[in-house]
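Nothing in this text is a laboratory measurement; each read-out follows from the coordinates by a stated rule. Every value quoted in this text rests on a predicted model; they were computed, and no experiment measured them. Cβ coordinates were reconstructed from backbone atoms using ideal geometry, including for glycine residues, and neighbour counts include every protein chain displayed.
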Amino acid sequence: MIPGHTLARIWLNKDSLRIVFLDEDWLTEAIKDGRIALTHVEAESWLVLTAPTSGLQTFILKYGGDKKAFPLQSAEELGRVK
């Protein structure tokens, strides 16, 4: 078990919340082909980002709106319980 954080994009609407997680396959490919340079380790089948906070913040600012990094078709929508 590796304690860590999950990267996701969130939209808040009046009575719902939409969330889409960072696409792991996209990230793995982008790191392997050199498009993204974030320090990381591979732990079993997991890619664990070990970049400092400033590096992760820069990454999110650059790719937070990228529809391949955060594919909208895989978004989950949660509604308010009344």
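Data table
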| read-out | value |
| --- | --- |
| Sorted by Cβ density within 10 Å, fewest first, the residues His40, His5 | His5, His40 |
| GNM result for the chain, Cα springs below 10 Å: residue of Thr53, Thr39, Thr28 fluctuating most strongly | Thr53 |
| Rounded to 10°, Cα long-axis angle of helix 53-63 versus longest principal axis of the chain | 60 degrees |
| Total lysine pairs whose alpha carbons fall under 30 Å of each other in the chain (8 or more apart, or interchain) | 7 |
| Nearest-20 debye value, the range 8-79 charge dipole, Cβ charges on Lys, Arg, Asp, Glu | 380 debye |
| Residue (of Trp26, Tyr63, Ala51) at the positive-pole extreme of the chain, dipole from beta-carbon charges | Tyr63 |
| Ranked Val20, Val48, criterion: other C-beta atoms within 10 Å, fewest first | Val48, Val20 |
| The range 22-82 - Debye-derived log10 I(q)/I(0), Cα point model, q = 0.14 Å⁻¹ | -0.47 |
